[in-house]
1. Please go through the stretch 196-232 and give me each residue that is surrounded by fewer than 18 Cβ atoms within 10 Å (Cβ to Cβ), more than 46 Å from the chain's Cα centre (by Cα) and outside any strand (DSSP E or B), ordered by number.
2. Do the conditions hold for residue 159, that is, is it touching an Asp or Glu at 6+ places or on another chain (Cβ under 6 Å) and within 14 Å of residue 224 (Cα to Cα)?
3. So which residues in the stretch 157-195 are crowded, with 16+ Cβ neighbours inside 10 Å, part of a loop (DSSP other than H, G, I, E, B) and on the phi < 0 side of the Ramachandran plot, if there are any at all?
4. Criterion first (at pLDDT 75 or above and among the aliphatic types (A, V, I, L, M)) does residue 11 satisfy it?
5. Under 7 Å by Cβ, and 6 or more places apart or on different chains, what pairs join a residue from the stretch 50-62 that is closer than 21 Å to residue 1 by Cβ and in the same structural domain as residue 10 (by TED's automatic domain parsing) with one that is hydroxyl-bearing (Ser, Thr, Tyr) and surrounded by 15 or more Cβ atoms within 10 Å (Cβ to Cβ)?
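The values are calculated or read from the model by the stated rules, or taken from the named source; none is laboratory data. Only a predicted model underlies this, so the values are computations on that prediction, with no experimental measurement involved. Here the Cβ positions follow ideal geometry from the backbone for every residue, glycine too, while neighbour counts run over all protein chains shown.
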Amino acid sequence: MIIFLAFIVFLLMIGSLISLIVGLIVPSAFTGIFKRNLGRKKTGLVFIGITLAFFVVLSILAVNSPTASTQQKNNVTTVSNQQVPIKKPITQSIPKVSPKPTSTLSTPTPTRSDWVANPQCSIGDTGVFDTCLRDKYPLQATVKADSFAMNITNTQNVEWTECNITFDDNSYATNPDNFFTIEADSTTRVPWGSLIDGNGNRFDDTKAQPGVIDISCTVNHEQRESQYGGFQ
């Protein structure tokens, strides 16, 4: 019913707008209705007031229409059905610390823990083992030396770790606390003064020549060794 009345009011409002336009152009057209010619100004004011009145009535009918009420109910239902997220309490897990096992046996300090026995070389006599390593597991390195240091170049695409240098019949060697690493495809400079003998004396390159040197490193968890000489 409200929709029908709204439609009728809408048609009347359209009619009043048309009458307003006609009254502004030919005000004498409404002489029969108003019993006299009101002129353009008064005719326009009359129809403007009638149009506004119809507009107000149409607005009231639109607000009270069943469609508007249904939409409001749907909006209320949608809001009420929305689930409000519930924040879960933040719990912080405390890592469990396992007690360290106690042992009465003394554990020796490991040296070169990454080294493993190479399949074709038997660990026994040191000289024989080193000779086997140099023969079957050589380092792929280039070595250049000057008056101050050795420049050792790793020509592989894998890092060498726990590298050690010995020479002069193993009298001089790298300090075990200072074993060095040579990154893949890079060069490491090792000063002569970093090599010491059994008494802790540093090698003095101004008084002696190193001669033949042995370089050993751990490569992919295997010990490899090569010998280089002719540094005069």
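1. Residues satisfying the conditions are 197, 198, 199, 200, 201, 204, 206, 207, 208, 209, 232.
2. yes
3. Selection gives 159, 179.
4. yes
5. Final answer for the pair search is 54/16.
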